[in-house]
Amino acid sequence: MRLRILALSLVVCVAPSLSAAFTTDRTNTFEWAGDITAILQYNGTAMSKMTPVSSLARFSFEYSIQPGFAVVARAYASSGRNRLHRVPGADAPVNTIAAMPMETMVSNGNTWPVRLDEMGIRVRGKHVSLTAALTDLSRAWGDDDGVMNNPLSSDVADGFVNGHFVRNLAVNWTEEDFFRSVPAVVARFVLDDWITLKTGMTFGDSEYHFFIRNSGFLQCDISWSLFGEGGALSLGIGASDADKSNTHKLSPSAGVWLHQSLGRGLTVFGQFSHAEESNRVSTLFGTCLWHASGGLVWQDLQGDHRVGLGLSTARFYGDAHNEKSAEIFWRIRLFKEVFLTLDLAVLKNPAGTSLPGEEWVALPAARFGAAF
């Protein structure tokens, strides 16, 4: 614990001096933003039908003390189900709106109505950005840019809502299977217009000393222009250290994201990730051995309409069959930043099951989202 406090204190002390080299020009300003999302989603199987409403409300705050240096926070309230009703359920969340069960439960079995999602400092500039905080890794630098997230579905209100598509499931150094946010120190280095490096360390469980239940990662983002259209490739590797004894063990995993614009608002994407075989360390950070998905997203120039289609297959520890998923959505702008999304997801072998009546699951849904 003393080492943790010392390390974070050093970051806090040096960040103001580092910010002089950054280019953002906000000084002594306070900004806030918020958004709400709700989904009405059939959430059962042929043997047990259920149509609950899940909802999420978030409020973000940023106070810029001097150019390039800010204190940030985000709070959220979430309710509803993000898993299939009734056993066997599904390995990946059927929506990413409701909170993860592990992060909301307290000792008496109730759930917290409001949680602090992000809190810390951010030093952000043209070439170097640093975040030291409780943070959501999918948006670690506060500009919808994060670690191994789908750039075409960076938020629950924008695109895919099924967990098979919004992130890599088998990069077991992010802990996103269990927690929306984790304590982390992460840095982004823009080396040139076409290459960016991201690295850092997370501290998933502060119950033990500094070197236990941590993970480190390195990600390289490469972008290009092909026939006048943009594309990008993200490669990420990581290793987690979770042993509770004096012997520390590494559990490596890796992932890749690829997306390419085809023009006229159409973009295709694909991804693959692979984690360590099931062991004491790997299962503390995730439940997936390997995962592959791909699809396409189309959006008009005004952003009034957005359509996506994706297919996915994933192998989870201990399952008899791969869990497969397909999702299609159509997001319609009602006015300003208010959207209605019609969504349909289909699961095959959820949680690896092949039981009659539970082998196939359809998840029709309607989403409402507003930002302000």
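The values are calculated or read from the model by the stated rules, or taken from the named source; none is laboratory data. This one's a predicted model, so the numbers in the text were calculated from it and none came from an experiment. Ideal geometry is used to build each Cβ from the backbone, glycine not excepted, and the neighbour counts take in all protein chains shown.
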*If you take the residues in the range 116-153 that are of a type in the set (D, E) and outside any strand (DSSP E or B), which one is nearest to the chain's Cα centre (by Cα)?*
D136
_Can you report the number of residues in the range 154-183 which are part of a loop (DSSP other than H, G, I, E, B) and among the β-branched types (V, I, T)?_
4
*Within the bounds of the range 39-58, is there any residue that is of a type in the set (D, E, K, R), over 30 Å from L347 (Cβ atoms) and over 18 Å from the mean Cα position of the chain (by Cα)?*
no
*Restrict the check to the range 266-283 and report whether at least one residue is among the acidic types (D, E) and more than 27 Å from D158 (Cα to Cα).*
yes
*Look at S19 and say whether it is at pLDDT below 50, small (G, A, S) and surrounded by 15 or more Cβ atoms within 10 Å (Cβ to Cβ).*
yes
*Hey, does the range 257-273 have a residue that's of a type in the set (S, T, Y) and either surrounded by fewer than 17 Cβ atoms within 10 Å (Cβ to Cβ) or over 19 Å from H164 (Cα atoms) (or both)?*
yes
*Of all residues in the range 59-80, how many are free of Cβ contacts under 8 Å to residues at least 40 places away in the same chain and within 20 Å of V114 (Cα to Cα)?*
5
*Can you tell me which residues in the range 228-256 are of a type outside the set (S, T, Y), free of Cβ contacts under 8 Å to residues at least 24 places away in the same chain and loosely packed, with under 14 Cβ neighbours inside 10 Å?*
N246
*Could you pull out every one of the strands (runs of 3 or more DSSP E) wholly within the range 283-372 that has 3 or more residues that are small (G, A, S) and either buried (at least 20 other Cβ atoms within 10 Å of the Cβ) or at pLDDT 90 or above (or both)?*
288-299, 305-316, 360-371
*From the list V166, V182, V156, V171, pick out the single residue that is β-branched (V, I, T), surrounded by fewer than 24 Cβ atoms within 10 Å (Cβ to Cβ), under 14 Å from the mean Cα position of the chain (by Cα) and under 24 Å from G89 (Cα atoms).*
V156
*Looking only at the range 48-75, which residues are more than 30 Å from K126 (Cβ to Cβ) and in a strand (DSSP E or B)?*
S48, V53, S54, S55, L56, A57
*Which of the residues spanning the range 306-329 are over 22 Å from R83 (Cα atoms) and touching a Gly at 6+ places or on another chain (Cβ under 9 Å)?*
R306
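This table checks each residue for (1) in contact with a strand residue (DSSP E or B) (Cβ under 6 Å, 6 or more places away or on another chain); (2) closer than 30 Å to V128 by Cα.
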site: T27; (1), (2): yes, yes
site: N43; (1), (2): no, no
site: S48; (1), (2): no, no
site: S64; (1), (2): yes, yes
site: V71; (1), (2): yes, yes
site: R74; (1), (2): yes, yes
site: S79; (1), (2): yes, no
